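The structure appears below as structure tokens.
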Amino acid sequence: MKIEIFIENCRKKIDKALDSYLPKEKEYPSVIHKAMRYSVFSGGKRIRPALLLAACQAAGGDVKKAMPAACGIELIHTFSLIHDDLPSMDDDDYRRGKLTCHKKYGEAIALLAGDALLNLSFQLFAKSDPKIAVRIIETASKAVGTRGMIGGQVVDINSKEKDPGLPTLQYINTHKTGALIAASLKIGGIIGGASENKIQRLQKYGEYLGVAFQIIDDVMDSQGYAEIFGDKGAMREAARLTQKAKKEIKVFGKKAEVLEGISDHLLRRTI
């Protein structure tokens with residue numbers, strides 16, 4: 001199967017599941033539910049949940065059992081984007097060609113919509129097998145918290161008015177972007193029943209891939225790594241990290257083909 005087809009099939013299944021998990025627009029109070037759905041269904045590619053499902057598949061697990069957690073990861077990602085766009089953060093008016101949540105529904109509702117999506121994500125993680133649900137919740141919580149995505153966001157905010165330098169940029173990338181991607185892979189491995197060694201390999205794969213993913217974003221936006229190393233130098237670093245990521249999952253043999261394909265697909269992306 002072509003990787004593009006795999007990702008598109010995942011996106012359709014994830015969107016269908018998200019539609020079933022999210023409150024309907026007409027449910028009272030409707031404005032918050034409209035804001036949540038507006039942001040979730042704004043054209044996201046669903047890369048993080050697709051990686052979770054691919055990791056579960058590589059581990060030999062049932063991807064249907066991983067769908068609630070995959071959706072939970074996407075809700076966390078959407079929550080982070082809503083908050084990132086707020087005037088107190090990046091102050092963006094548009095995302096993916098559409099008005100950001102706070103521009104359409106106001107800052108208060110946007111803030112609460114992000115909070116609601118984060119809370120709903122943990123309800124979905126709790127749907128996992130009771131034997132592993134606590135570990136999944138712990139993994140996701142760590143990825144979101146001050147030692148993960150929120151910590152990366154704080155450092156990013158504090159470095160806005162100055163040249164952050166490479167060590168600070170690396171911290172931002174590994175925490176703000178990489179932490180949630182690594183957690184997606186780890187959770188997929190846990191649900192798939194992988195051994196501890198393989199779970200750690202998946203997490204490491206995600207760490208490398210997460211930074212490579214952000215470097216590609218930097219090149220497209222002419223910032224971050226692209227400013228320090230130039231476009232060609234940044235792309236070489238992204239390619240190097242992608243190869244390191246792929247080495248981590250060699251232990252899965254042929255079952256790693258989808259994950260390897262996603263790695264190459266992300267390296268080639270232009271949007």
TODO: At a Cα cut-off below 21 Å, give the lysines reachable from LYS250, other chains included and same-chain residues fewer than 8 away excluded.
DONE: LYS2, LYS186, LYS198, LYS204
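At a threshold of 8 angstrom on Cα-Cα distance, excluding pairs fewer than six apart, so keeping six or more, what relative contact order does the chain reach in percent? If you can, show how the numbers build up before the last one.
On the way: 388 pairs, mean separation 53.4, N = 271.
Once normalised by length, the contact order is 20 percent.
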Task: ³J(HN,Hα) computed for each position of the stretch 6-18 - Karplus, 6.51 cos²θ - 1.76 cosθ + 1.60, integer Hz, glycine/proline x - done: 4, 5, 5, 5, 4, 4, 5, 5, 5, 4, 5, 5, 4
Open item on the list: I need the phi-derived Karplus couplings for the stretch 29-36: 6.51 cos²θ - 1.76 cosθ + 1.60, θ = phi - 60°, integer Hz, Gly and Pro marked x.
Closed with: x, 5, 4, 5, 6, 5, 5, 4
TODO: Towards the positive end of the charge dipole of the chain, with charges on Cβ (+1 Lys, Arg; -1 Asp, Glu), say which of LEU185, VAL251, LEU22 has the farthest Cα.
DONE: VAL251
Open item on the list: Can you tell me which aspartates and glutamates have their Cα less than 18 Å from the Cα of LYS24? Leave out same-chain residues fewer than eight positions away.
Closed with: ASP15, GLU74, ASP115
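Need one word for the stretch 53-176: rounded, prolate or oblate. Basis is the Cα gyration tensor (sqrt eigenvalues a ≥ b ≥ c); a/c below 1.5 gives rounded, then a/b vs b/c decides. If you can, show how the numbers build up before the last one.
Details: a/c = 2.26, a/b = 1.46, b/c = 1.55.
Oblate, since a/c reaches 1.5 and b/c is not below a/b.
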- [ ] Within 10 Å of each residue's Cβ, count the other Cβ atoms and sort MET36, MET235, MET89 from fewest upward.
- [x] MET89, MET235, MET36
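Tell me what the chain gives for mean residue ellipticity at 222 nm when only DSSP H runs of n ≥ 4 count, each as -39,500 (n - 2.57), the sum divided by the residue total, rounded to 500 deg cm²/dmol.
Values: 13 runs with 199 residues, N = 271.
That calculation yields -24000 deg cm²/dmol at 222 nm.
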Task: Karplus 3J(HN,Hα) series, Hz, for the stretch 95-111 with 6.51 cos²θ - 1.76 cosθ + 1.60 (x for Gly, Pro) - done: 9, 6, x, 10, 4, 5, 4, 6, 6, 8, 10, x, 5, 4, 5, 4, 4
Task: Loop GluC sites (Glu not before Pro), the stretch 12-84, which have at most 14 other Cβ atoms in a 10 Å radius of their Cβ (DSSP) - done: GLU25, GLU27
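How long is the gain from ARG96 to ASP163 if the chain were fully straight, where each residue apart is worth 0.36 nm and the alpha carbon distance is subtracted?
In short, 21.4 nm is gained.
Counting other C-beta atoms within 10 Å, and keeping those with at most 12, which DSSP coil trypsin sites (Lys or Arg not before Pro) do you find in the stretch 90-175?
Values: sites: ARG95, ARG96, LYS98, LYS103, LYS104, LYS127, LYS131, ARG135, LYS142, ARG147, LYS160, LYS162; in loops: ARG96, LYS127, ARG147, LYS160, LYS162.
In loop regions of the stretch 90-175 (DSSP not H, G, I, E or B), the sparsely surrounded trypsin sites (Lys or Arg not before Pro) are ARG96, LYS160, LYS162.
Pull out the extension gain between LYS244 and LYS103, defined as 0.36 nm times the separation in residues minus the alpha carbon to alpha carbon distance; nm, one decimal. Intermediate results must be reported in sequence, preceding the final value.
Numbers: separation 141, 0.36 × 141 = 50.76 nm, distance 4.04 nm.
Fully extending the segment from LYS244 to LYS103 adds 46.7 nm.
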Open item on the list: List the residues, sorted by chain then number, that are 5 or more residues from ARG95 or on another chain and whose placed amide H is less than 5 Å from its amide H.
Closed with: THR100
Task: Residues of the stretch 48-81 with amide N under 13 Å of a point placed 7 Å along Cα→Cβ from GLU257 - done: 58
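Quick note: the coordinates plus some simple rules give every number you see, no bench work behind them. As the structure is a prediction and not an experimental result, all values here were calculated from the model. No Cβ is skipped: glycine too gets one built from the backbone with ideal geometry, and neighbour counts run over all protein chains shown.
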